[in-house]
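Below is one structure, written out as structure tokens; comments come after it.
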Amino acid sequence: DIQKWEYVPLGPFGAKNFATSISPWVVTLDALEPFRCPTSAGEQSDPVPLEYIRDPSYSSYDIKLEVGIQGSSMDAPSTVTRSNFANLYWNIKQQLVHHSVTGCNMQPGDLLGSGTISGTPQDSFGSMLELCWKGSREVPLEGSDEVRKFLKDGDLVVMTGVCNERPGVPRVGFGAVEGRVLPAGTIGAAPAAVAEASERYANFVLYSYWRSTCSWRVRTALAAKGLLGTTEIRPVNLLQGGHKSDEHAEMNPMKQVPVLEFTDTVTGETIRLTQSMAIIDFLEEAYPMGGALLPRDPVARAQAKEYAEMVNSGTQPLQNPSVFKKIEGLGKEEGVGRQFAKEAIEDGLASLEAKYTSRGANGPFMCGRSPSVADICLVPQLYNGRRFGVDLAAVCPALLAVDEACAESEYFKASHPDGQPDADVAEPPKKKAKA
């Protein structure tokens with residue numbers, strides 16, 4: 001924390017101008033007059049002001065102040081402090097006099113910061129340094145599993161002030177002022193290295209098959225980052241062999257979906273990425289301010305990747321038509337390959353269920369209160385489990401509870417197969433088994 005480092009002996013100079021934001025609202029003292037009130041100190045006895053700064057009408061204003069922090073994976077700010085302007089020991093008249101007593105030529109329109117406004121209760125402390133008590137305690141962010149001691153990259157800080165309505169006096173609001181903490185180096189560095197992702201990468205195209213689990217993962221990640229609505233979906237019909245065409249094989253030699261194509265506007269290069277997990281990694285790194293797909297805590301982050309890989313590497317590949325058709329192509333009886341796929345799904349989901357429940361299965365999502373890459377991999381796999389006739393209620397009841405939470409998320413609603421342009425919600429007739 002900058003302030004802790006510099007305030008002895010330099011005073012909190014750099015800390016006071018770090019991440020400064022200014023509300024556009026101007027509220028006059030005339031508008032505040034009905035809300036004049038005693039200060040929380042009542043009288044100035046400790047210390048007693050010197051004569052030049054004594055205020056015969058010592059008072060303040062009843063302005064309720066709140067500060068919220070919204071992490072990059074959170075849907076809304078969490079209030080971390082509730083204070084009041086009346087908690088200032090030195091009121092604004094005294095601050096102006098003290099600032100100008102040595103000749104500072106104050107002019108109309110000059111801006112002065114009041115400094116930290118803290119009350120007595122812990123939840124009314126006015127700085128992170130006080131709230132975390134020099135880093136000795138954590139500040140929980142409600143509505144998430146996150147805590148803070150100091151601000152982190154990506155945090156949105158929201159400050160509000162209001163004088164509540166009184167009899168005969170309307171409510172006076174100061175509006176809200178907010179600012180986001182960007183990673184060091186994002187401003188003023190070489191353009192190619194630090195250009196905002198929202199400006200640098202453009203013309204997103206996703207080559208996708210509506211029911212492909214890997215394509216579904218990428219659609220969900222795009223939705224989380226706010227990109228799905230502006231991404232062109234170009235269907236690749238797997239049933240008709242569209243993925244085996246020369247044109248598609250040139251983009252992806254493995255002849256699979258998805259392929260994410262976009263333009264780097266800084267270099268002019270057309271980028272094509274394959275493999276859903278690599279694409280999700282790119283989106284997470286390039287668009288950190290969208291819905292976070294990985295927890296910040298290193299252990300939770302590793303666990304999210306672990307869950308995802310139990311699906312991506314340990315389950316999903318064994319259910320692919322190319323695999324079970326290959327099994328049947330080895331001279332096995334028709335239907336054996338599909339049964340193999342069903343059993344692979346059952347084994348994979350049972351293992352994932354065991355790992356998830358061993359850690360408490362606290363939900364609502366696999367890694368806490370927000371969807372992550374683990375949920376992005378889970379939901380399509382459960383969908384396929386139903387298609388293959390797996391008794392999910394018996395195999396993975398805890399994972400089904402996560403699936404229900406995901407079904408309420410806008411990310412998963414937007415990416416669902418049934419809403420895709422190439423969706424064919426009518427199942428094709430199943431082949432009859434050979435006699």
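Of the residues Pro295, Pro417, Pro140, the one that moves most in a GNM of the chain with alpha-carbon contacts below 10 Å is Pro140.
Distance distribution P(r), segment 132-279, all Cα-Cα pairs, bin width 5 angstrom from 0: 2, 7, 11, 13, 12, 11, 10, 10, 8, 6, 4, 3, 2, 1, 0, 0 percent.
Largest GNM mean-square fluctuation across Leu65, Leu29, Leu318, computed for the chain with C-alpha springs under 10 Å, falls on Leu29. Rolling a 1.4 Å probe across all protein chains gives Asp391 an accessible area of roughly 90 Å². Here the Kirkwood formula puts the hydrodynamic radius of the chain at 26.0 Å, using every distinct Cα pair. Measuring r between the beta carbons of Ala302 and Ser114 and using R0 = 30 Å, the FRET efficiency lands at 0.10. Between Ala184 and Ser351, the simple label model (points 7 Å from Cα in the Cβ direction) yields a spacing of 4.1 nm. Largest first, the residues His248, His243, His416, His98 sort by 1.4 Å accessible area into His98, His416, His243, His248.
When the chain is treated as a GNM with alpha-carbon contacts under 10 Å, the residue of Leu206, Leu50, Leu392 showing the greatest mean-square fluctuation is Leu50. Counting every alpha-carbon pair across segment 253-348, the share separated by more than 21 Å comes to 53%. Between Ser136 and Arg171, the distance separating the two model label sites (each 7 Å from Cα on the Cα→Cβ line) works out to 3.9 nm. Length gained on full extension, His99 to Arg54, computed as 0.36 nm times the residue gap minus the Cα-Cα distance: 14.8 nm.
The sum of -39500 (n - 2.57) across all DSSP H runs of n ≥ 4, divided by the residue count of the chain, sets its helix-only mean residue ellipticity at 222 nm to -9500 deg cm²/dmol. Net charge in the neighbourhood of Ala278 (other residues with Cβ under 14 Å of its Cβ; Lys, Arg +1, Asp, Glu -1) is -2.
Compared with the dominant principal axis of the Cα atoms in the chain, helix 397-407 is inclined by about 70°.
The values are calculated or read from the model by the stated rules, or taken from the named source; none is laboratory data. Remember, it's a predicted structure, so these values are computed and weren't measured experimentally. When we count neighbours, we look across all protein chains shown, and the Cβ atoms used for this are built from the backbone with ideal geometry, even at glycine. Accessible surface areas use protein heavy atoms only, side chains included; no ligands, DNA or RNA. Shrake-Rupley method; radii C 1.70, N 1.55, O 1.52, S 1.80 Å.
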